[in-house]
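Participant: Here you go, one structure.
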Amino acid sequence: MNQILVIAWREITRLRKRFGGGASPVAVIVLLAVLGLSAYTLRDTVSLGSGLYRVGVSGDVPEINDSRFSVLEVNQAEGQNLLAEKSIDVLIVNADVFSREDDKSQFAVRALKQYMEKEELVRVGNSFAEGDAFPLRVGVNYLNAAQPPVTGDAGDSPPQTVKPEEVIIPSLTPPPAPFTQVLVALIYIMPITFISIFFTSSFMDEKANRRLTILLSAPVTPFQIILGKMLPYAVFALSTTVLIAYLTNGSIPLALMIFAPTTLFIFAIYLMVPLFYRSFKDTTFIAMLVTTMTTAYLVFPAMFTNSSDLAYISPLTLAVKMYRAEPFGWREYLLPSLPMTAIFGFAMFAGTRLLNEEFLMGYKPITRKIGDAIYLMMAHSKPWFAVMLWSLLVIPAVYMAQVVMLAFATNLPVGLILGATLLASALIEEVVKTVGIVVLAEHSVVKSVREILWLSFLSALGFLIGEKLLLLVSVSVVSQANVSGALFGAGVFLLIPLVAHFFFTAFVTLLRIKLKFPYWLALGIGTVIHFFYNVYVLRGGA
Amino acid sequence: MIHPFFAVVKKELGSVMKDRTIIISILIQLFIASFSSGLLLGMLSLYDADTIMRFSGAGIRIGVVGDASAPLASLLTERGLNTQTFPTLTEAQSAFYNGDVLALVDAPQDANGLIEVKLYLPDSDTVSSLIRMVIQEPLKQYENVLRAERGIEVRYTDLNGKPATSFEFVYSVLIPMLMFFPAFVAGSMSIDMITEEVESKTLQTLLSAPLTISGMVGAKIVAAVFLAILQCSAWLLLMQMNGIEIQNQGWILALALVIAGITSTSAALSAAFLQDRERSQFIYSLLLLAGVGLSTGLNISPITTLSRLAVGDAYTNGWNVMIFAAVFAGLYFLLLKVSRRLMI
């Protein structure tokens, strides 16, 4: 523990020197002022459709103050001309609005409608008594459709509602959409990502000037080095979580509980970047890729809070729930948190195995580097144990990869979404099940057909156990999500999927190791067969 | 013999191709583009009343208590909702529990001068939020009817138009993002290329070639900008193949080129001052943020300029691009002055 703290302190000193040193206070103040100013202008002016429409106004028209519109003062005749020659999209003359039939003009009218609606509400609200300006109250009640009330003799009893009535004024109460709360929840993620980029930079800096080598020769374990370097950043990241929760009136303990696994997850991913990079350009690209993927993974499901239970795979959903003061249970909490924490554990394990000079300094193609990394992780234990554990442990990563794939696939034409997702998930599954065995064979740890078959069986078994464990957690939460079932092949009989997994794994590994097929080709063939098997299962064949 | 300047350009392009890093960058852009349009699609199908009505409007059956010709009932029907009227709430309730209707709207009642409407929704989150989404517009219209009864006139209520979200997304988010993301990457890459030479101490060796330090930095910027333009052209082509109409394509490419030049030059400037990757990348990101903010504040945002060029705005043309070209020239001049700092 002491070692870890020493390394953590060293890290803080390093940061202080780097960023505290030569920077002149004037430059810092100027930079902060510029940033503050730009945040201010951006907050007010950036919106969807910024600058797209031109509006001509003439006569008594309310002031149009919206970044989507550029306003042109014209007289009526001139305005009609401009409208006809498509120089402006809409012309407003007093209370009348003129437009053209084409799309752009019609889009402008819709945007104008949204804006004017709001403006008119403000005007009406300011100039009339409240009861006249907002004369309608809507009481929203919820009924349990599955449970009709026991009909008594009193014919006109009030309906039995399941929640207290919520009274709204339609023009002032937008329909419930979690979008704003998702944005608030996203505010938590941004500092964590930013801080973890510094964590990555620190590793890279030490790798570039070879100080890491010196550190590795000191009497500390790689585990202590990683944890020690991570500690200050993690503490800093969690304090931003506390600060944001405090500023946004969220519950601080709950926010910490929700975002601690997320923080660990993001740090885990960023720990991989310095281990694998070869040049500075690599880092920039890998870091960008990682940032987009994690943001997508976190944000996309949360958009569907309350619309689909699948939303719970993202911790942001829990944060949205927190802001709406809606309760959630342990299962809902564990569904996003468990895989993230598991990935952190896995990354820490990988990190301790890979943090050695030979691996860090080697310049090889990235695929080769990944192969070496997998071998280093497996080499310390017996092959049978390593292969099975590998298949079991990568399940959370597979799960996340498949979710990202699903988000990706929604962009395809509807008919192709399911097919593309199935194909991609078959590929991911085949990769994780076979890669360990293939790497072991390359290092001549595995040779005979019997060994390959035996390891394929164990790999399939490990994968199946992990898959079913995850399914157990998710099915209890994600009751209506057929997608999860499709991705993970929710077969009732465990034997059939086990045989199938074994067959695909053995097939791919034998093609690669014994028949010397290129790995990509063997994988491709295995994936296609796996895909057809999945389609067959989905059609109700098994 | 190939000029040393182009030799450096070629070396940088070669290393990008060899490392396959550019593939990651293209993957990211493809992902962001499809992800954001997927997000839009998802959001529209859940949060946009028009989209909901188009896809499942007929399936939303609403029981209305009272007269079918009452204002609220007719507004609901006009919206395209499938309404069914019942004389009493009790009858409407049994229709609800039989599954004939999904939601109930009770007859408006006078309550101390205010009008009160009771809405009964199913306990399912998904269905009830969809219904609240589509019922919002008729309720607002009904509010206007009630205001008119009280002698309050609300203007501009007859506007309609076409749902603009997709249009606004494509022209104000998607196209600018695809055109400027490569520029952003070009800046980061310039820092990587320059600081790598400094930190691995290969700069002096490189300068033993007949090439000045400005020439070396310039070559790296040219390589970065070249890659950016290549990506932008590919995106323009792809978007057109997808049926997105883009006007002023020449000026759009010119603007993307100038912006990539500006980002790469500012990146090189921060590398020249700070010499190491960690701080340079940090300051570069902050500068970028500040640049976007300032240009928006001064009303010359490159994002808006690009959107306007793409939709074929009548008042936007090559002169707007020239403003940014002038900024680029200024920054590059500054870089020529300070690039010697890298040799220290």
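The values are calculated or read from the model by the stated rules, or taken from the named source; none is laboratory data. None of the values given here were measured: they were computed from a predicted structure. Positions of Cβ are backbone-derived with ideal geometry, glycine not excepted, and every protein chain shown enters the neighbour counts. Ligands, DNA and RNA are excluded from the accessible area calculation, which covers all protein heavy atoms including side chains. Shrake-Rupley method; radii C 1.70, N 1.55, O 1.52, S 1.80 Å.
Participant: Name the single residue, out of those in segment B:283-310 being within 18 Å of the chain's Cα centre (by Cα) and aliphatic (A, V, I, L, M), that is nearest to A:SER50 (Cα to Cα).
Facilitator: B:ILE303
Participant: Ok, one more. Based on this model, can you work out whether B:GLN93 counts as touching a residue at least 60 places away in the same chain (Cβ under 8 Å), out of contact with any Lys or Arg (no Cβ under 8 Å at 6 or more places or on another chain) and among the polar types (S, T, N, Q)?
Facilitator: no
Participant: Can you list the strands (runs of 3 or more DSSP E) lying wholly within segment A:87-188 that have 2 or more residues being modelled with pLDDT under 90 and open to solvent by 70 Å² or more (accessible area, probe 1.4 Å)?
Facilitator: Result: A:166-168.
Residue-wise test of (1) more than 30 Å from A:PRO191 (Cβ to Cβ); (2) part of a loop (DSSP other than H, G, I, E, B); (3) facing another protein chain (nearest Cβ under 7 Å); (4) aliphatic (A, V, I, L, M).
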residue	(1), (2), (3), (4)
B:ALA267	no, no, no, yes
B:SER270	no, no, no, no
B:GLU278	no, no, yes, no
B:PHE282	no, no, no, no
B:SER295	no, no, no, no
B:THR304	no, no, yes, no
B:ALA310	yes, no, no, yes
B:THR316	yes, yes, no, no
B:TRP319	yes, no, no, no
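Participant: Could you list, in sequence order, all residues of segment A:126-148 that are more than 8 Å from every other protein chain (Cβ to nearest Cβ) and more than 41 Å from the chain's Cα centre (by Cα)?
Facilitator: A:ASN126, A:SER127, A:ALA129, A:GLU130
Participant: So, one more: Tell me, which residue of segment B:146-161 that is open to solvent by 50 Å² or more (accessible area, probe 1.4 Å) and outside any loop (DSSP other than H, G, I, E, B) is farthest from the other protein chains (Cβ to nearest Cβ)?
Facilitator: Across segment B:146-161, the extreme among qualifying residues is B:ALA148.
Participant: Given the options B:ALA164, B:ALA256, B:ALA267, B:ALA183, name the one that is surrounded by 22 or more Cβ atoms within 10 Å (Cβ to Cβ), within 27 Å of the chain's Cα centre (by Cα) and at pLDDT below 85.
Facilitator: That would be B:ALA164, the only listed residue that is surrounded by 22 or more Cβ atoms within 10 Å (Cβ to Cβ), within 27 Å of the chain's Cα centre (by Cα) and at pLDDT below 85.
Participant: I need a count of the residues in segment B:49-75 that are modelled with pLDDT of 85 or more, within 15 Å of B:PRO138 (Cα to Cα) and touching a Leu at 6+ places or on another chain (Cβ under 9 Å).
Facilitator: The total comes to 7.
Participant: Could you count how many residues in segment A:222-248 are among the polar types (S, T, N, Q) and within 12 Å of A:ALA319 (Cα to Cα)?
Facilitator: Total meeting the criteria: 2.
Participant: Could you figure out which of (1) under 18 Å from the mean Cα position of the chain (by Cα); (2) at pLDDT below 75; (3) open to solvent by 10 Å² or more (accessible area, probe 1.4 Å) isn't true of B:LEU46?
Facilitator: Result: B:LEU46 fails condition (1) only.
Participant: So which residues in segment B:94-103 are over 16 Å from B:ALA68 (Cβ atoms), open to solvent by less than 50 Å² (accessible area, probe 1.4 Å) and touching a strand residue (DSSP E or B) at 6+ places or on another chain (Cβ under 7 Å), if there are any at all?
Facilitator: Listed by number, the residues that qualify are B:PHE96, B:ALA103.
Participant: Give just the number: which of (1) more than 14 Å from every other protein chain (Cβ to nearest Cβ); (2) in a helix (DSSP H, G or I); (3) aliphatic (A, V, I, L, M) does A:VAL445 not satisfy?
Facilitator: (2)
Participant: I would also like to ask the following. Among the residues that make up segment A:498-505, is at least one of them at pLDDT below 75 and open to solvent by 60 Å² or more (accessible area, probe 1.4 Å)?
Facilitator: Scanning segment A:498-505 turns up no residue that is at pLDDT below 75 and open to solvent by 60 Å² or more (accessible area, probe 1.4 Å).
Participant: Still on this model: Kindly indicate the residue of segment B:113-127 that is outside any loop (DSSP other than H, G, I, E, B) and open to solvent by 40 Å² or more (accessible area, probe 1.4 Å) and also farthest from the other protein chains (Cβ to nearest Cβ) among those meeting that condition.
Facilitator: Applying the filter and picking the extreme gives B:VAL127.
Participant: Now a separate question. Considering only segment B:141-163, I want to know if a residue exists there that is among the charged types (D, E, K, R) and over 30 Å from B:VAL65 (Cβ atoms).
Facilitator: yes
Participant: Quick one: what pairs do we get from segment A:216-230, first residue touching a residue at least 12 places away in the same chain (Cβ under 8 Å), second among the basic types (Lys, Arg), C-beta under 9 Å, 6+ apart or different chains?
Facilitator: Pairs found: A:PRO222/A:ARG353; A:GLY228/A:ARG10; A:LYS229/A:ARG10.
Participant: Another question about this same structure. Look at A:ASP60 and say whether it is under 46 Å from the mean Cα position of the chain (by Cα) and among the charged types (D, E, K, R).
Facilitator: no
Participant: Here's something else I'd like to know. With respect to the numbered conditions (1) open to solvent by 50 Å² or more (accessible area, probe 1.4 Å); (2) under 30 Å from the mean Cα position of the chain (by Cα); (3) without any contact (Cβ under 8 Å) to a residue 40 or more places away in the chain, which one is the sole condition not fulfilled by A:SER444?
Facilitator: With respect to (1) open to solvent by 50 Å² or more (accessible area, probe 1.4 Å); (2) under 30 Å from the mean Cα position of the chain (by Cα); (3) without any contact (Cβ under 8 Å) to a residue 40 or more places away in the chain, A:SER444 is out only on (2).
Participant: Please name all residue pairs, on different chains or six or more residues apart, with Cβ atoms under 6 Å, provided the first residue is in segment A:51-69 and is closer than 13 Å to A:MET116 by Cα and at pLDDT below 90 and the second residue is open to solvent by 30 Å² or more (accessible area, probe 1.4 Å) and of a type outside the set (Gly, Ala, Ser).
Facilitator: A:PRO62/A:GLU119; A:ILE64/A:VAL71
Participant: Among the residues of segment A:256-285, count how many are at the interface with another protein chain (Cβ under 7 Å from one of its Cβ atoms) and of a type outside the set (D, E, K, R).
Facilitator: The total comes to 4.
Participant: Looking for something touching a Leu at 6+ places or on another chain (Cβ under 9 Å) and modelled with pLDDT under 75 - is there at least one such residue anywhere in segment A:520-528?
Facilitator: Looking for residues that are touching a Leu at 6+ places or on another chain (Cβ under 9 Å) and modelled with pLDDT under 75, one finds none in segment A:520-528, hence no.
Participant: Same structure, new question: The conditions are (1) farther than 22 Å from A:GLN147 by Cα; (2) among the basic types (Lys, Arg); (3) at the interface with chain A (Cβ under 7 Å from one of its Cβ atoms), and B:ARG79 fails exactly one of them. Which is it?
Facilitator: Unmet for B:ARG79, out of (1) farther than 22 Å from A:GLN147 by Cα; (2) among the basic types (Lys, Arg); (3) at the interface with chain A (Cβ under 7 Å from one of its Cβ atoms): (3).
Participant: Quick check on segment B:198-211. Is at least one of its residues surrounded by fewer than 22 Cβ atoms within 10 Å (Cβ to Cβ), in a loop (DSSP other than H, G, I, E, B), more than 9 Å from chain A (Cβ to nearest Cβ) and among the small types (Gly, Ala, Ser)?
Facilitator: The answer is yes, given that some residue of segment B:198-211 is surrounded by fewer than 22 Cβ atoms within 10 Å (Cβ to Cβ), in a loop (DSSP other than H, G, I, E, B), more than 9 Å from chain A (Cβ to nearest Cβ) and among the small types (Gly, Ala, Ser).
Participant: Could I ask something else about it? Would you point out which residue out of B:ASP110, B:ASP106 is more than 8 Å from every other protein chain (Cβ to nearest Cβ) and open to solvent by 30 Å² or more (accessible area, probe 1.4 Å)?
Facilitator: From the options B:ASP110, B:ASP106, the qualifying one is B:ASP110.
Participant: Being under 13 Å from B:LEU257 (Cα atoms) and either part of a helix (DSSP H, G or I) or touching a residue at least 24 places away in the same chain (Cβ under 8 Å) (or both) narrows it down to one residue among B:ILE175, B:ILE221; which is it?
Facilitator: Going through B:ILE175, B:ILE221 in turn, just one is under 13 Å from B:LEU257 (Cα atoms) and either part of a helix (DSSP H, G or I) or touching a residue at least 24 places away in the same chain (Cβ under 8 Å) (or both): B:ILE221.
Participant: Is it true that B:ASN299 is out of contact with any helix residue (DSSP H, G or I) (no Cβ under 6 Å at 6 or more places or on another chain), within 9 Å of chain A (Cβ to nearest Cβ) and either modelled with pLDDT of 90 or more or open to solvent by 20 Å² or more (accessible area, probe 1.4 Å) (or both)?
Facilitator: Yes, satisfied.
Participant: Where in segment A:288-398 are the helices (runs of 4 or more DSSP H), entirely inside, with at least 2 residues that are open to solvent by 30 Å² or more (accessible area, probe 1.4 Å) and over 22 Å from A:PRO261 (Cβ atoms)?
Facilitator: Output list reads A:357-361, A:366-378, A:383-393.
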